[in-house]
Amino acid sequence: MTIITILPHEKLCRAGATLDVEPGTSLCDAMLQNNIAIEHACEKSCACTTCHVVVREGIESLPEAAEKEEDMLDMAWGLTPQSRLSCQLVVGTTPLTIEIPKYTINHARENR
């Protein structure tokens, strides 16, 4: 199991969280399984940016993002060099520290 530290987020995880995750699990699935309701408007198909996260520690252990993920990330709010889509980030054996950005771009929700 791999330790994933989720930094505090005002709405999704006020106190932060420490997750014990099976390697090979997507970060998005790991958060959802641990009651962190990260948005995933495209149902984890790499067609939006609502599950955007910033990998604060451990990014060097991850494979590079695929071109499709990079293309989607170009549209994410608050993009950084450590940005990834949690639906595409597969947990390995190296511990990670993750920040969930304050805002997300979800046109379907914003138009309600």
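The values are calculated or read from the model by the stated rules, or taken from the named source; none is laboratory data. Note that the structure is a prediction, hence the values are computed from the model and not measured. Because the Cβ atoms are built from the backbone with ideal geometry, glycine has one as well, and the counts that use them run over all protein chains shown. These area figures cover heavy atoms from the full protein model, side chains too; ligands, DNA and RNA do not enter into them. Shrake-Rupley method; radii C 1.70, N 1.55, O 1.52, S 1.80 Å.
Name every residue in segment 22-47 that is closer than 20 Å to Ala65 by Cα, hydrophobic (A, V, I, L, M, F, W, C) and either touching a Ser or Thr at 6+ places or on another chain (Cβ under 8 Å) or open to solvent by 50 Å² or more (accessible area, probe 1.4 Å) (or both), in order of residue number.
Leu27, Cys28, Met31, Ile38, Ala41, Cys42, Ala47
Out of all the residues in segment 82-93, which are touching a Gly at 6+ places or on another chain (Cβ under 8 Å) and either open to solvent by less than 20 Å² (accessible area, probe 1.4 Å) or more than 20 Å from Met31 (Cα to Cα) (or both)?
Val91
What number of residues within segment 48-81 satisfy the criterion of being open to solvent by less than 60 Å² (accessible area, probe 1.4 Å) and either of a type in the set (Val, Ile, Thr) or under 26 Å from Ala15 (Cβ atoms) (or both)?
14
Please go through (1) more than 26 Å from Arg14 (Cβ to Cβ); (2) under 13 Å from the mean Cα position of the chain (by Cα); (3) not in a helix (DSSP H, G or I) for Gly92 and return the number of the only condition it doesn't satisfy.
(2)
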